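What follows is a short report on a single structure.
Derivation of every value follows stated rules applied to the coordinates shown; laboratory data play no part. These numbers come from a predicted model, not from an experiment. Glycine also receives a Cβ, built like all others from the backbone with ideal geometry; neighbour counts cover every protein chain displayed.
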Amino acid sequence: MSNRYCLGGAAAALALALGGLGATGLSAQTGTVTGEITAATTGAPVYQALVRVTETLVTAVSNQRGRYVLQNVPVGVYTMTVHSIGYTPQEREITITPGVSLIEDFGLEVSATELEGLVVKGGKLIDRKKLGVSLPTIDVDEMKEIVPAQNFIHVMEGRIPGVKSIGSTGGVGSGRELRIRGTDSFGFTAQRPVIYIDGVRYDSQKEDWGYMRGVACCYFSGGAGEDRLSDLNPEEIDRIEVLKGPAAATLFGSEASAGVIQVFTKRGQSNTPAQFTLNTTLGRNRLRANLPTTLRPQFGFFDEDSVLVGPAADPNQSLIENGLINGYDVTVSGGSDNITYFVSAGISYEEGSVKPNDQTRGSVRVNLNWTTSNTMSVGITSGFVRNRIWVVQAGANPNGVYMNGLYSNPREATEEDPECCGVQGVGVIAAREIKTFSDTDRWTGRIQLTYTPSHSFIHQLTFGLDDVTDQKSRHMPFGNYYVGIGETGERNLGYRVSKKLTTDYLSTLDYDQLFGIGFLTGSLSAGAQGYWDVANMSMGTGKRYSAPGIESLNGAALVYSDEAYEEIRNVGFFIQNRFDLSNDLFVTAAVRADGNSAFGKSFGLQVYPKADVAYNFPSSVLPGGFSNLKVRAAIGMAGKAPGPFDNLQSYFAGTVMGDLPAVRVANAGNELLGPENKVELETGLDIGLFSNRIGLELTYYDAEVINGLYPSPIAASQGAYQRVENCCAFLNRGVETALSASLVDMPQFSWSASLAYEWNMNRITSFGDKAQPDSLPLYEEDEATGYWSHVGWRYANSFGGWYELQPLDNVYGEDIRGYFITEDGDPVHKVTHFPFLRGLAQPRHMGSIFNTFQLGGNLRASVQFRGELGAVFQNYTYRDGMRLCQCFDDILEWDPLLLPEGASPTDRVRRQFSYDSLVDYWYVPHIDRRDHIRLQDVSIVYTVPQVFASRMGLDRTTVTLSGYNLHWWDDCRCEDPNNKSFADDTGERSTISAFGVPQPRRFLLSVRTRF
Amino acid sequence: MNWHRAGVGLGALVVSVGLTACDLLRVKDPGRYEEEDLLTALEAVGNTAEGNAHKWMNWYVIWQELLGDALNFIGPITYNDEYALIDDGRVDFNTYPVARTPANSRYVAYNFPDGMAESRWLAHKAWEIAELAYEKGDSMEAELDFESSFLAAQIKLGWAFNNMYLGLFSCEGVLGSPDDEGGAEMYLDVQIYDSAASLFTHVIEIMGRVDPFLIEFQDRDYLNAARTGRALMRMLAGDYEGAVADAATVPDGFRYDAILGGSFENWNQMYWRGFQFRYFRLHDWVIPDTLGPTFSGSLPDRWTGLPDRRRQVQYLPKPFFGDRPETILPTKYGGSTSGISMVSAIHARLIEAEAMAMSGNFLGAMTVLDAMRVEVNLPAIPFTPENEVQMLDVLLWERYAWLFVEGWRQPDLHRSGLTRAVFEALNDYDRRGIGRPTKFPGSAREAWLNPLVVNDATQRCHPNA
């Protein structure tokens, strides 16, 4: 191994030098500050406001009555700040004298913006005004009071422009879609942003297993898979920060090109008595009865005399059921002088509306922080979750419940067997008898040492581990017929063990007028980060059972096994400096260098630079009505490392000449392989109007991906047919706007609203030297002579249908091929030589609007709509449904290319799409639009008057009635325009909706109380 | 605790981590071998070089016998023929309609020229690995000189056959890799024959150095395989004198077969008796016979009408598609593990006969051919050719019969300039044969993706010429 990575030593030495700078102890003499925080307009206490003595680590949070206590504040003169979401921050100077208790009350003005406030960066609180990038934050605790989100994806859904977070596949616990700022990579599965929990890299894998040897048809659960993000219990989350792209996430290096989401779990507050919370949720899932069964004109069964007697096996009635939801969470938090704690335990059960499908999740978390001295603290977080998902068999899967439900032929049903006759003879009853489980034990934790020799200087060392053991099992019982198996049953038992080890060191030095020079004020950070990801997958498959009753592998006549392994290591070093050139102008520059095990051995280090600038117009120059105006601009680069072993030339065992040992090329390898790099320019305006009652954030980003990774074709004389190369370039740009307003703010009624909108587009700009000429000739038959002649050229690119200057996420129709029957009854062979561009797989426009109403002091209501515009998909459900039902009128709306001239439409269609047709109908897509508007969240929150709550010994208590995913308006002939077949994002260009169970529609009653 | 010191210690820890990052970033896929692993797996390395030639021999026969038929008919004769991607200069074999590979599965196609290029790369790599292992003393026979080892002969023989079949198959091909010094230019088939002959010569030289005691324990006769191979290459290059010199050293009864089975079954047997027959009416172009509807057995000898057991076939009356009823399937190979002759004494004797014929010694040539026919219980050919045309007809027919379904018919017609005449004679309703007077063109894929190849079709061999 070359020494190219050893540059890390230099960065480490810098960190060491920083570490050696003055460590001065603080005074042991202290005082206390107490007070009450209220809303200026209404006088109502402000709950959970953050109170801080800026120059120290002393903080507190206001309680239900708005009261706070700051203890052990060192003697001196300080700036005290108060922040609370929805209010304009306040600060004032205080003087602490030994043994004296100050009383400081605050009356906060309502604010519709977050233009002012604090964010946590590198263990320090930083004023937002100093940031040159957009850094949206979700206060989950606050949000859950209004929207009782059941999972992480729901927490993120429609809240932040640029972040697409939707349910897309299957039922409860199944894979979801989460991506930031659209598509800009061939590696669709890598579009999911990196997730950090309290600074620890988090396994957010969401793929189905379909590639293990011996496993029968159609992925493990038909493509639904399960989403490891469903392991997260939102009740444990304090807040979420989103770094949308390289401009903001440069310091995360070779994994941050798709953005970074940082999740922070809750903490206790020092000098606070134990405070308990109890949250109970009860509700149900029930899908809309809008399954596309109109293709079956008559649901019912025929008696012995072939008389339709019904009632129906209509899936809208028989397949959709109530799914029970209940959940209980209890937390306790508090702290003494030196130790704070947050402990939580929760259990939830959610049942899908299409069964069998449920999720049982139990979680326990202990977060401790121990301040060992004035300069040293130790933080420990430890979270364990047990998440058991009975995964619904969904997707393009003839053994799936939903598919068989839709395609069961009611005309062939009987009273005894009303759901017979499914796809290829499987049927709903047999599909429902498949048991598919993902049973996960997961521990995520870290220890963090913080050394603060002075209030301006901090060192932070973090060791974290995310340890996931997922047992996957499936049983398809003997006696039922299943596609790919027959009637002899199959058992699968596998494990996926993932370990992500994170090591992080960060040192930050704030300096003020260094060397007495006024503008030499700012903050210098340096650090190193290493991570080590290992994932091991194994699976055994048993086949050919002889009788029912056995569900273990060792009872099978045939047993297969398979194993897969991934490992990737990364070491990165960075240095960053922010210059506070004035109170209004802030300039930051940084650089990170990464070495990664997936880089080619001749590649060396990858350097990622960044710079940003933020300018806050002084209030003296702002026009009337403006309370804030900030201009920001940032440019940065981040990367995406290749696959774990893409760089290695490797071989696997084989045999030749009968059974003699031999080797075959497994991977061509690439010594020069580097990361896919994305350079992003982000500019924006943050505007506050009318005392921040109206806020507008406007962001434009323009990103270019260079060195795009792709398994490029190579000449066979190089030993293989492909290897992963840095071949291509893309651009990705968009606009994000967030408008928020406090429209009414009266003592008995308030109304606030927020509107988010984003526009995004992408394009392939270069295939590099892999672009190929239009060099393949096309021949067509001359009907008159019968001879074939050269008529043109076929664009024979090697990129599987991608084309330069076209979007990455185009939906393509396949070539249409097959024999068309002429009027004479002769088959004439036709084929379209080009895939047809059908539109975009991802919406070009997305938006949401969120309204909150406060009625009196105890009643709040909220409603959120979101919508998408500009995406299409291949509606296989409808297509195959039409084919099976021979719904000729509908078929006539299909692509006219399929319709030969002559004959009556019905005859033509019947010939083409009947079972006897030679037309290869599988290649014929039916394109529908995903455009829709969705009523996503509705809630009514009643806060029990304190006078009543107190009688029961309770503090703040709320009762919430809510609905999620209640209704949508669309223009597709489908059950849900967001539906997809597969949990992962592969196959973007031919995004398919095929029998993924629609997303849950939830109705919940929640009670949250503190005591 | 002195936290200041602790901070220094912490920094020191980070330094040490940074310095050891060099090793931290080394990972290995436990499911895959890397090159250094193969230094101790020389048996597998050698088998790879030799066995790949056997594997591709299997496919070579299919291409020559099945697709050679298709190549000579422009137009759609098959269900999968929608693209009609027969190039003027090269063929995109991965999307070539009769390659049985979907157009979008470009990377896993078993197309012959690209497969041979990949196989050649592996042979070259095997040579490098084995040579390095001997240098490092990792081999069990480290005390021996590598170029005096069976392993060297084995690798070189596989490499030589690789080149031989590439030359037989295609009118052009690459002999190197862009990763090699010297590059990977496109060579014409005659140059490829020269290359193969050189490699066979190297095998002969190596076998001359191998300890005779060790040779006795070998059941693979690399020496005679190399002699026969070089004879064939010399004959195809027009060096009959050299060819006969080599052929004369090959003893009667010698055979070197492609060993099949395991992962690589005899696809000729599998395909022809399976489903491929539905797409290709095999060997119509070389079997003018009219056979009964239930025929199964030996085709009649062209000269005597007696059953010729060299050509075993089966008549299939109902094809899958089209309006021609007859389909005749070769049944030469009895099972999925049946070997296919790569070189044998039969080649040597046929070379001797051809060399005599080319020098005007028709009688001598016929004597050799008649002697060979005795082995299959056929009487002598009942006439003596009176001119070169007749002699060539006899020679090619006997070669066709002896080497039935071994991939030699197409190159024989090509080198004799008879392709067009034979195919046009077979022109009929739905098979518009034009008989391209060439072999398969080179791989378009190689030309596109190999930066060292000048992708100029006008400089290459042309199937439509």
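The alpha-carbon of A:Lys500 sits under 19 angstrom from the alpha-carbons of these lysines, leaving out residues fewer than 8 places away in its chain: A:Lys206, A:Lys640, B:Lys28. State the Cα centre-to-centre distance between the stretch A:524-575 and the stretch A:416-488 in whole Å. Measuring centre to centre over Cα atoms gives 12 Å.
Neighbouring Cβ atoms from other chains, within 10 Å of the Cβ of residues in A:660-672, number 5 on average.
Within 10 Å of each Cβ in A:717-728, how many Cβ atoms from other chains are there, averaged over the peptide?
Numbers: counts 24, 11, 10, 4, 11, 4, 0, 0, 0, 0, 0, 0.
For peptide A:717-728, the averaged partner shielding equals 5.
Charge tally around B:Ala371: other residues with Cβ under 12 Å, Lys/Arg +1 each, Asp/Glu -1 each, net -3.
Net charge within 13 Å of B:Gly339 by Cβ-Cβ distance, Lys/Arg positive one each and Asp/Glu negative one each, not counting B:Gly339 itself?
Computed value for this residue: +1.
With neighbour counts taken as other beta-carbon atoms within 10 Å, the residues A:Ser168, A:Ser752 rank, fewest first, as A:Ser752, A:Ser168. If you add up the charges near A:Asp976, with Lys and Arg at +1 and Asp and Glu at -1, over every other residue whose beta carbon is less than 10 angstrom from its beta carbon, what do you get? Around A:Asp976, the charge tally is +3. Remark: A:Trp968, A:Trp443 ranked as A:Trp443, A:Trp968, counting other beta-carbon atoms within 10 Å and listing the fewest first. Setting aside same-chain residues fewer than 8 positions from A:Lys130, which lysines have a Cα under 23 Å from its Cα? Within reach: A:Lys121, A:Lys244, A:Lys610, A:Lys630. Partner shielding of A:641-654 amounts to 4, given as the average count of beta-carbon atoms from other chains within 10 Å of each residue beta-carbon. Per-residue Cβ neighbour counts within 10 Å put A:Ser348, B:Ser263 in the sequence B:Ser263, A:Ser348, beginning with the fewest.
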